[in-house]
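Inspection log for the structure reproduced underneath, given as structure tokens.
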Amino acid sequence: MDVSPRPMTTAQCGSCHPGQFSDLKARGGGHRLDCRQCHEVFHVPRRSEDEFVNRMPRCAGCHGHPHENIEMPCFSCHRNAHAPTVPIKNDLLKDTCQQCHPQAAGILNEGSNAHGAMSCDACHIEEHGMIPDCFQCHVPHYPSQDKEQCMNCHQPHRPRSGELPIAADTQSCKSCHSSVYAVWARTPSRHGDWACSVCHVRHGEALACRDCHDPPHETAMLEKFKRCTGCHFDPHDPSTTR
């Protein structure tokens with residue numbers, strides 16, 4: 001007769017370990033396994049704390065090294081192995097962000113902007129991976145502006161880079177350059193068909209006329225009139241001439 005004990009079921013484990021069992025049910029994610037898949041050795045008298053620690057499963061046995069060469073104990077961030085989907089609280093991470101995010105930290109440190117003087121958790125509040133709403137601190141350029149439009153021009157870690165993509169919102173330009181915008185908006189020229197960022201690739205800079213118009217006139221005329229703005233005195237409405 002076989003008198004060896006039957007393996008314990010997960011439900012039986014939960015009867016003595018209700019906290020861990022509840023965590024697994026609520027936030028266990030991929031760890032919702034048979035307890036014995038991780039805890040291969042248990043209910044054996046331990047003679048020391050080291051023996052207990054050594055008996056615990058090793059995260060790398062299943063997960064390998066998901067954070068590349070980052071040398072930090074898993075439990076520094078993932079405090080509860082039975083609830084791995086619980087968001088990591090940023091108070092655990094604020095001094096170690098650069099270890100996993102060196103590129104973002106490097107960009108922040110190289111720039112002379114207010115974001116570089118702030119700690120990571122000043123924006124990424126409470127939980128790891130939380131992306132803040134820009135308007136928590138910044139006033140929109142115009143009342144109906146969508147926060148997603150901020151990212152078209154401003155990189156969060158280098159907000160004053162000045163690079164303006166073709167998708168840049170002309171309404172944002174108008175909020176500071178209203179008089180220029182008014183001239184551009186009413187021009188009958190083809191310039192009125194193009195967004196501001198087509199000519200202003202970087203904030204405060206503009207393409208040379210000949211980057212698009214080459215050659216705009218005959219050689220003799222160009223030799224006589226060296227500057228385009230000598231005749232077309234306003235690039236925002238080049239149809240207006242002197």
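The values are calculated or read from the model by the stated rules, or taken from the named source; none is laboratory data. These numbers come from a predicted model, not from an experiment. Positions of Cβ are backbone-derived with ideal geometry, glycine not excepted, and every protein chain shown enters the neighbour counts.
List of remarks:
- Residue within segment 160-182 that is outside the structural domain of Ala114 (by TED's automatic domain parsing), over 30 Å from Asp121 (Cα atoms) and touching a strand residue (DSSP E or B) at 6+ places or on another chain (Cβ under 8 Å) present: no
- Restricting Tyr181, Tyr142 to those that are surrounded by fewer than 15 Cβ atoms within 10 Å (Cβ to Cβ) and of a type in the set (Phe, Trp, Tyr) reduces the list to Tyr142.
- Residue within segment 105-112 that is within 17 Å of the chain's Cα centre (by Cα), part of a helix (DSSP H, G or I) and modelled with pLDDT of 85 or more present: no
- A single member of Asp91, Asp95 is outside any loop (DSSP other than H, G, I, E, B), at pLDDT below 80 and outside the structural domain of Pro156 (by TED's automatic domain parsing), and it is Asp91.
- Scanning segment 53-74 turns up one or more residues that are farther than 28 Å from Cys120 by Cβ, surrounded by fewer than 11 Cβ atoms within 10 Å (Cβ to Cβ) and at pLDDT below 80.
- Among residues of segment 203-223 being assigned to a helix (DSSP H, G or I) and not small (Gly, Ala, Ser), the one that is farthest from Arg190 (Cα to Cα) is Glu223.
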